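For reference, the structure is listed below as structure tokens.
The values are calculated or read from the model by the stated rules, or taken from the named source; none is laboratory data. No experiment lies behind these values; they were computed from the predicted model shown. Using ideal geometry, Cβ is built from the backbone for each residue, glycine included, and neighbour counts are taken over all protein chains shown. These accessible areas exclude ligands, DNA and RNA; they are computed on the full protein's heavy atoms, side chains included. Shrake-Rupley method; radii C 1.70, N 1.55, O 1.52, S 1.80 Å.
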Amino acid sequence: SRTLPGGGTSTLATTASAATEINKKKIIYLLPNIVLSLLQLARKDFEGFKKIFHSFLQAKGPSVDWAKIYRPPEDLIQPYDKIKARGLPENVAESLNKLVVVKLNGGLGTSMGCKGPKSLISVRNENTFLDLTVQQIEHLNKTYNVDVPLVLMNSFNTEEDTKKILQKYAHHRLKIHTFNQSKYPRINKESLLPVAKDMSTLGENAEAWYPPGHGDIYASFRNSGLLDQLITEGKEYIFVSNIDNLGATVDLHILNHLMSQPDGKRCEFVMEVTDKTRADVKGGTLIEYDGKLRLLEIAQVPKAHVDEFKSVSKFKIFNTNNLWISLPAVRRLQEQNSVDMEIIVNPKTLDGGLNVIQLETAVGAAIKSFDNALGINVPRSRFLPVKTTSDLLLVMSNLYSLEAGSLTMSKKREFPTTPHVKLGSSFTKVHDFLTRFESIPDMLELDHLTVSGDVTFGKQVSLKGTVIIIANHGDRIDIPAGAMLENKIVSGNLRILDH
């Protein structure tokens, strides 16, 4: 305390109390504006839902006529090597200053047994997906002395946890912006009425709402005000990708290709595609339809043609969801209300057994709305998604080296393809997966790994060729420390106990 003129005393408590009162008055003063902005967002979400629901009700029959589908002409799918061969100009920094990196960050880690946003799962040397993304962009900004910002498209599922973690990047050399996907109500499959009782996403209403797929980026980006802000700052292109695709780094050759086109022929949309393997037969592919490039997803394919769609010989490429999109073009199409995307009807069953549908769109489906759209056939290394712990094992192993947030295939691996890894249900959750490996095995010479049942790995295990390990129900197999398995099938029961 200290004595005031006139004999009164001032304490920290009374000072804090006064500050609290001032803050309360500020909040009360600002409240109408906060409520108004929330209402405006809710209204925009409702308008978006009304539009997609109306389109869903109007839809009749399949969205494509199979007889009108053609393989795209060669000039619309450029080989990456051809683009790379042109080299880079001296003013790379000028192009980078017109770029924004957007990561799709709306998904949770539930499929891998984790709570919270998937982007916060550790994938390599304690680095999360988000850590690696920040490292990549910060490295670009420092190397070329530029200002490439990172934008995260969150959902109401990931917003709170993501915003908390962003504080740790406050002193990194990059600006981070966020905006939220829309929030739409799930629909009762029988009555076609929304199941939500109010706007809350808590309690019994938790399952009533959903984020409507990454195709919502165009509307929600504009609604957030961020689209206009970035254009005002001189940004021209966004590079959009899934945050769990560790191969989706900024490629200077593709950026240069976009920036070097004459103004009248500027490419407004580039989709990175890569050669299809038997593991990718369900992936969306690029076709020519009514004279324009179009994304064809398996959900749009008539049942009679599904096998043809899955054929590696007819449809040789698939969409990596690495996309380069013109910001002014997005604004123009949003103003004209002319972003055209097919609706994906996604059936779900809620915990109580109620059958619902959610209406979604995919970001790549809008390709047909943009001028001078192009596919670029990129190396497989630009598609390195981590959807399962089998994928996680690959990226944690010595198959890859990590530098400035980017993973590259180790030079010690003699062939460029990644091994095929299939881990059983005992490894599904990240926690269980980590407890079953004392250390990640040497996989430099591995072609194929299948593991099923109760299996653990000791330290410094080496796997080569084709390795299959199967512990039947009730059995357990402990692969001993230092073991080298090459072209082996291991089955039965093998316990190693501490003495």
Quick one: putting +1 on the C-beta of Lys and Arg, -1 on the C-beta of Asp and Glu, what dipole do you get for region 354-413 around its Cα centre, in Debye to the nearest 20? 360
If you take the charge dipole of region 346-499 about its Cα centre, with +1 on Lys and Arg Cβ and -1 on Asp and Glu Cβ, which of T450, T361, F437 is farthest toward its positive end? T361
Would you please state the base-10 log of I(q)/I(0) at q = 0.24 1/Å for region 207-251, with intensities from the Debye formula using one equal scatterer on every alpha carbon? -1.01
Any chance you could look up the accessible area of D432 with a 1.4 Å probe, heavy atoms only, rounded to 10 Å²? 60
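Tally the DSSP beta bridges in region 395-499 and give the antiparallel ones as a percent, rounded to 5.
Close to 15 percent.
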Fraction of antiparallel bridges per DSSP, the chain only, in percent to nearest 5: 45
In percent, what relative contact order does the chain have, based on Cα pairs under 8 Å that are 6 or more apart in sequence? 15
Let me check something: with ligands and nucleic acids excluded, how do R413, R86 order by accessible area (1.4 Å probe), largest to smallest? R86, R413
Of the accessible area of the chain, with the probe set at 1.4 angstrom, what percent is carbon plus sulfur? 53
With an 8 Å Cα cut-off and a minimum separation of 6 or more residues, compute the relative contact order for region 85-148 in percent. 31
What's the magnitude of the charge dipole for the chain around its Cα centre, counting Lys and Arg as +1 and Asp and Glu as -1 at the beta-carbon? Answer in Debye, nearest 20. 480
What's log10 of I(q)/I(0) for region 449-497 at q = 0.15, 0.24, 0.26, 0.30 Å⁻¹, Debye sum over Cα points only, no solvent? -0.33, -0.86, -0.99, -1.23
By accessible area with a 1.4 Å probe, ligands and nucleic acids excluded, highest first: order of R380, R43: R43, R380
Hydrodynamic calc, region 326-389: Kirkwood Rh from Cα pairs, then Stokes-Einstein at 4 °C with viscosity 1.567 mPa s, so D in µm² s⁻¹ is 85
At 1.4 Å probe size, put V339, V467 in order of accessible surface, largest to smallest. V339, V467
Just going by the charge dipole of the chain, with Lys and Arg at +1 and Asp and Glu at -1 on Cβ, which of Q336, L99, L494 is farthest out on the positive end? Q336
Summing -39500 (n - 2.57) over every DSSP H run of at least 4 in the chain, dividing by its residue total and rounding to the nearest 500, the 222 nm mean residue ellipticity is -8000 deg cm²/dmol
Rounded accessible area of L494 (nearest 10 Å², 1.4 Å probe): 70
Under the definition of Cα pairs under 8 Å and six or more residues apart, what whole-number percent is the relative contact order of region 253-378? 36
Mean Kyte-Doolittle of at least 0.0 and a Cα length of 30 Å or more along the axis: which whole DSSP H helices of the chain meet both? 12-58
May I ask what percent, to the nearest 5, of DSSP beta bridges between residues of region 319-462 are antiparallel? 60
I'd like the accessible area for F53: 1.4 Å probe, protein heavy atoms, all chains in place, Å² to the nearest 10. 50
Taking 1 over the mean of 1/r across every pair of different Cα atoms in region 332-435, what Kirkwood radius in Å do you get? 18.3
Taking 20 Å as the cut-off for C-alpha to C-alpha distance, list the pairs among K276/K314; K189/K303; K282/K387; K189/K282; K276/K429; K60/K189 that go past it. K189/K303; K189/K282; K276/K429
Equivalent ellipsoid semi-axes, the chain, via Cα gyration tensor eigenvalues times 5, rooted, Å: 39, 34, 27
In the structure displayed, which of K44/K168; K115/K235; K183/K422; K235/K310; K183/K368; K115/K412 lie more than 28 Å apart, Cα to Cα? K44/K168; K115/K235; K183/K422; K235/K310; K115/K412
For region 390-493, with every protein chain kept in place, what is the accessible area per residue (1.4 Å probe, Å²)? 52
